[in-house]
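Enquirer: Please see the structure below; I have some questions.
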Amino acid sequence: MKVYAIGSDHAGYEMRLQIKAYLESRGFSVEDFGTFDREKSNYPEIADVVANKVAAGGYDGGILICGTGIGMSLAANKVKGIRAACVSEPYSAMMSREHNNANIICFGARVVGIETAKMIVDAFTDHEFLGGRHALRVDMISKIEKEGHL
Ligand code: RB5
């Protein structure tokens, strides 16, 4: 069974609950890292927890939701080994897996509706990295991460 880590700030709170239930209805296991109420919260704190969990292994991926998805992706991408893609439609979510080997998908609850969000997570969960020429490019990203440049 695939296992996903999920998190949101206050802006993504309602959508996170809906997406978590949706993933579970599809048979996935979901570990929820909050935020656990509607009070204003800081998206980097949630991104930090989810991204470090995903980077440490044991998850098939992570899902982060804030107002736009941008703050979550910026913060998550600071964690070594994380490739967080901020998307607003399912085609990019699919390509983030197939070409970029994204391990976290981010989107904005103020940008996409719940049906588009479901299609985004379907694309993220149901596609695999294609490797080949794409692996060379993803390895380049890792080299920049490790050494600061190619
Ligand atoms: C919160 O108002 C908002 O800034 C946050 O959810 C997110 O959109 C940041 O990128």
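Enquirer: On each of the three principal axes of the Cα atoms of the chain, give max minus min coordinate, whole Å, ordered largest first.
Expert: Projected onto the principal axes, the Cα atoms of the chain cover 42, 28, 27 Å.
Enquirer: Now, a different point. Relative contact order, percent, of the chain when contacts are C-alpha pairs under 8 Å separated by at least 6 residues? Walk me through the numbers before you get to the answer.
Expert: Numbers: 301 pairs, mean separation 33.1, N = 150.
Here the relative contact order equals 22 percent.
Enquirer: Also, I was wondering about something else. Work out the FRET efficiency for GLU39 and ARG110 from their Cβ-Cβ distance, taking R0 = 22 Å, and round it to the nearest 0.05.
Expert: Numbers: r = 17 Å, r/R0 = 0.79.
With R0 = 22 Å, the Cβ-Cβ based efficiency is 0.80.
Enquirer: Moving on to the next point. Using R₀ = 25 Å, calculate the FRET efficiency as 1/(1 + (r/R₀)^6) where r is the Cβ-Cβ separation of GLU128 and MET1; round to 0.05. List each step's numbers first, then the result.
Expert: Values: r = 16 Å, r/R0 = 0.64.
So, using R0 = 25 Å, E works out to roughly 0.95.
Enquirer: Protein chains only, probe 1.4 Å: how do GLU89, GLU24 rank by accessible area, largest first? Walk me through the numbers before you get to the answer.
Expert: Numbers: GLU89 65, GLU24 90 Å².
Result of the area sort, largest leading: GLU24, GLU89.
Enquirer: Round to a whole angstrom and tell me the spacing of the C-alpha centers of the stretch 108-150 and the stretch 21-48.
Expert: With the stretch 108-150 and the stretch 21-48 each reduced to a Cα centre, they are spaced 19 Å.
Enquirer: Would you tell me the accessible area of ILE105, worked out with a 1.4 angstrom probe on the heavy atoms of the protein chains, in Å² to the nearest 10?
Expert: We get 0 Å² for ILE105.
Enquirer: Hey, another quick one. How much mean residue ellipticity at 222 nm does the chain get from its helices, if each DSSP H run of length 4 or more adds -39500 (n - 2.57) and you divide by all residues, to the nearest 500 deg cm²/dmol?
Expert: Details: 6 runs with 70 residues, N = 150.
For the chain, the value works out to -14500 deg cm²/dmol.
Enquirer: What is the stretch 1-81's relative contact order, in percent, from Cα pairs under 8 angstrom and six or more apart in sequence?
Expert: Details: 142 pairs, mean separation 32.4, N = 81.
Taking the mean separation of contacting Cα pairs over the length of the stretch 1-81, I get 40 percent.
Enquirer: Here is a follow-up. Given a Förster distance of 22 angstrom, what is the FRET efficiency for MET140 paired with LEU74, based on the Cβ-Cβ distance and rounded to 0.05? Mind dumping the intermediate values first?
Expert: Numbers: r = 20 Å, r/R0 = 0.92.
Efficiency, rounded to the nearest 0.05: 0.65.
Enquirer: Of THR116, THR68, which has the most accessible area and how do the rest follow, probe 1.4 Å?
Expert: Values: THR116 45, THR68 65 Å².
Ranking THR116, THR68 by accessible area, largest first, yields THR68, THR116.
Enquirer: LYS78: which aspartates and glutamates have alpha carbons under 13 Å from its alpha carbon, excluding same-chain residues fewer than 8 sequence positions away?
Expert: Cα-Cα hits under 13 Å: GLU45, ASP48, GLU145.
The values are calculated or read from the model by the stated rules, or taken from the named source; none is laboratory data. Keep in mind it's a predicted model, so treat the numbers as computed, not measured. Here Cβ is always computed from backbone atoms with ideal geometry, including for glycine, and neighbour counts include all displayed protein chains. All accessible areas refer to the heavy atoms of the entire protein, side chains included, with ligands and DNA or RNA removed. Shrake-Rupley method; radii C 1.70, N 1.55, O 1.52, S 1.80 Å.
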